[in-house]
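The values are calculated or read from the model by the stated rules, or taken from the named source; none is laboratory data. Since the structure is predicted, the reported quantities are computational estimates derived from the model, not experimental observations. Ideal geometry is used to build each Cβ from the backbone, glycine not excepted, and the neighbour counts take in all protein chains shown. Quick note on the areas: whole protein, heavy atoms, side chains included, nothing else; ligands and nucleic acids left out. Shrake-Rupley method; radii C 1.70, N 1.55, O 1.52, S 1.80 Å.
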Amino acid sequence: MSAQLRDTAGELAGVLWREHTVYRERSGGAVIRGEHVRRWISLAPAGGQGEVLVRAGRILDGGTTAPARSEAVVPLSAGTGVLAATCRRLLAEAAADVEPVAPGRAAPGRPNRSGTAARPKGTGKHTSFGSWVILACVAGVVALYVYSTAMHG
């Protein structure tokens, strides 16, 4: 199966990108890296006979890979065209998840002018759903206390 995956990955890489690197994973799958588009595709044997698990993700600054953003199971017998269409959909999903470049940060593929690595910002100042639930419960307890105090003196 790994030899078939490697051959399929080679064909698929040629369809997807002109510039690519194909290599074998330890698990027996194959990875296609498109450095110029900062994306990667992984093909691995899936649970079913003749099925392949396709995963897509980003390549981060410095060449490390981010975890897969999306995945799909495709029958290997479907052919390179169907596999390429699935990969393009997964790559589009991975690209949609990418945060826009902030004005002070360098564009992908370009070094920062200051020579220092850009630090990602925190999660923001938004209050999560769980925090709202806790606040509502506290407000409810306070309202119940005020109500019971007012009714009983």
If you plug each phi of the range 24-30 into the Karplus form 6.51 cos²θ - 1.76 cosθ + 1.60 with θ = phi - 60°, what whole-Hz ³J(HN,Hα) values come out, in order, with x for Gly and Pro? 8, 8, 5, 6, x, x, 9
Counting Lys +1, Arg +1, Asp -1, Glu -1, what net charge surrounds residue 45 among other residues with beta carbon under 11 Å of its beta carbon? -2
Considering only protein heavy atoms, with the full assembly of protein chains and a 1.4 angstrom probe, order 38, 89 by accessible area, largest first. 89, 38
